[in-house]
Amino acid sequence: MSTSASTPDTRAASRSPVSRLGVSLVLLAVSAAVSGGDASPETGADHKPATEATDLGGLNPHPVALRRPAQRPETPLARLGKAVFFDTRLSISGQQSCVSCHSPTTAFGPPDGKSVQLGGPELKSQGLRAVPGLTYLEAVPSFGIALDSDDSESGEQEGETALRPGERAQPATVGATSKAQAAVPLGGLFWDGRANTLIAQAAGPLMNPFEMGNTSLDAIAAKLKAAPYAAQFVAIDGAGVLNDPHLLATDAMYAVSRYQLEDLAFHSYTSKFDYWLEGRARFTPAEMRGYAAFNDPKVGNCAACHVDTVRRNGEAPLFTDYQFEALGVPRNAELAANRDPAYFDLGLCGPIRVDLKTVSAYCGMFRTPTLRNVALRKVFFHNGRYHALQDVLAFYNFRETAPGKVYPRLPDGSLARYDDLPKQYRTNIDIKDAPFDRHPGDAPAMSEQDMQDIIAFLGTLTDGYKPGGD
């Protein structure tokens, strides 16, 4: 396995949410490297690599050498962070830790199919949103407003070029695009991008009344001071840290961030897809068809947002462009907050994030998550409305072509389309990009076979694959 020369420490400095892109980020125009050829009515984007791979028994016809983070001995700070991550004593209930909602067995995502997880003093309080996964967060840029166009949707930072899997590098021109560019929100952590660092992301659940439920930094610090690993804080920062509640709590969250950065379980790049890129694994016919449909702009068009291109620096794709979309996901009646008909989760516009609440053009938008390890999840979208990948793909397929399959009926028999977003914000919902660029009665973009094949391909994104068994 090829590995990166950079250590987790240098990755933290150069690619972590602490220091990545700001509001001046401009995306590259990479259409030449992405499309690789003319579109055809049958397949949309050129999928010659997919055809060649079929001819080669499912092997990638143009294998690449991926750069992975090297495994290093964990620092004392990362070991301390792991102890904090697993400590149930830090919750008001005494029964909940970070790992309760971010299980290692499900790629640090929710451990079950609950739409939202339970927390609070008696572990009976519903959260407001589905728990996101914690893998591959080190590359998420800081929240900002980026310039976007149809030619530049790679999710790459300035100076990088994207390659479609199976394609060879082609020249790209920085900033060149023939189409009008638009400002789009991009980056940040959580569904609404409100945290820019892993430290802030780790601190959020500690103070959330629906989660670990602490009411102050002093309360957190008291628990840390009494923890069996308190001496590790002293060894790292000196005895004075135990008498400074703010410093102690901050150091604990910094330690958790180091655990996330240094432990390769959070970003191992060991999926079948990664090994296929390197020519070390074979796709099955279904996985190969799914890969083609995933990329085909006239079928799944998934790669338009879940970018599957190898990054110029040789790192594997992250299956996200980091941008925000209003998708019009149906309202989830399982959420206690939704019992109030006047309550709406507007994503970037609140109710959790408050700094953009007056920017109506962003209301209803949520960040595009990575699809790595998505097959391990049992809950999807910000409100946890769906619990199976088949249902997720059906939503994309039928939202516009057969909305009666997606949305409920009102008492008068009319269809409650886009029922989880107030009417004044529904113009934000994406009706331009395939497969949403259709109308009721039109043929859906994906056949049943396409959807099953895409699900097969998504299964190749799960970490922990052992090459050589094909």
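The values are calculated or read from the model by the stated rules, or taken from the named source; none is laboratory data. Everything numeric in this text was worked out from a predicted model, so none of it was measured. Positions of Cβ are backbone-derived with ideal geometry, glycine not excepted, and every protein chain shown enters the neighbour counts. The area values use the complete protein model at the heavy-atom level, side chains included, leaving out ligands, DNA and RNA. Shrake-Rupley method; radii C 1.70, N 1.55, O 1.52, S 1.80 Å.
Overview of results
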{"item": "For residue 306: the one exception among (1) open to solvent by 10 Å² or more (accessible area, probe 1.4 Å); (2) within 19 Å of residue 458 (Cβ to Cβ); (3) in a helix (DSSP H, G or I)", "result": "(3)"}
{"item": "Qualifying residue in the stretch 355-365 (condition: open to solvent by less than 50 Å² (accessible area, probe 1.4 Å) and closer than 19 Å to residue 302 by Cα)", "result": "yes"}
{"item": "Matching residues in the stretch 378-402 - criterion: being part of a loop (DSSP other than H, G, I, E, B) and either touching a Phe, Trp or Tyr at 6+ places or on another chain (Cβ under 9 Å) or not aliphatic (A, V, I, L, M) (or both)", "result": "378, 379, 381, 382, 383, 384, 385, 387, 388, 399, 400, 401"}
{"item": "In the stretch 183-197, the residues that are buried (at least 23 other Cβ atoms within 10 Å of the Cβ) and either within 14 Å of the chain's Cα centre (by Cα) or at positive phi (or both)", "result": "186, 187, 188, 189, 191, 192, 193"}
{"item": "Sole exception among (1) at pLDDT below 95; (2) closer than 22 Å to residue 201 by Cα; (3) β-branched (Val, Ile, Thr) for residue 309, by number", "result": "(2)"}
{"item": "Among residues of the stretch 219-270, those that are more than 30 Å from residue 456 (Cβ to Cβ) and either in contact with a strand residue (DSSP E or B) (Cβ under 7 Å, 6 or more places away or on another chain) or open to solvent by 30 Å² or more (accessible area, probe 1.4 Å) (or both), counted", "result": "22"}
{"item": "Single match in 453, 463, 420 (criterion: part of a helix (DSSP H, G or I) and open to solvent by less than 60 Å² (accessible area, probe 1.4 Å))", "result": "453"}
{"item": "Subset of the stretch 388-410 [over 12 Å from residue 329 (Cα atoms) and among the β-branched types (Val, Ile, Thr)]", "result": "401"}
{"item": "Residue within the stretch 115-131 that is in a strand (DSSP E or B), modelled with pLDDT under 50 and of a type outside the set (Phe, Trp, Tyr) present", "result": "no"}
{"item": "Test result for residue 281, more than 26 Å from residue 117 (Cα to Cα), surrounded by fewer than 24 Cβ atoms within 10 Å (Cβ to Cβ), in contact (Cβ under 8 Å) with a residue 40 or more places away in the chain and not β-branched (Val, Ile, Thr)", "result": "yes"}
{"item": "Within the stretch 81-100, tally of residues that are over 15 Å from residue 252 (Cβ atoms), buried (at least 16 other Cβ atoms within 10 Å of the Cβ) and over 26 Å from the mean Cα position of the chain (by Cα)", "result": "2"}
{"item": "Single residue of 344, 273 found to be among the aromatic types (Phe, Trp, Tyr) and either surrounded by fewer than 23 Cβ atoms within 10 Å (Cβ to Cβ) or in contact with a Cys (Cβ under 9 Å, 6 or more places away or on another chain) (or both)", "result": "344"}
{"item": "When residues of the stretch 198-237 are limited to those that are among the aromatic types (Phe, Trp, Tyr) and part of a loop (DSSP other than H, G, I, E, B), the one modelled with the lowest pLDDT", "result": "210"}
{"item": "Residue within the stretch 423-436 that is in a helix (DSSP H, G or I), within 30 Å of residue 280 (Cβ to Cβ) and out of contact with any Asp or Glu (no Cβ under 9 Å at 6 or more places or on another chain) present", "result": "no"}
{"item": "Residue that is modelled with the lowest pLDDT [pool: residues in the stretch 72-90 that are in contact with a Ser or Thr (Cβ under 7 Å, 6 or more places away or on another chain) and part of a loop (DSSP other than H, G, I, E, B)]", "result": "72"}
{"item": "Extreme residue, farthest from residue 450 (Cα to Cα), among residues of the stretch 289-303 that are among the charged types (D, E, K, R) and buried (at least 21 other Cβ atoms within 10 Å of the Cβ)", "result": "296"}
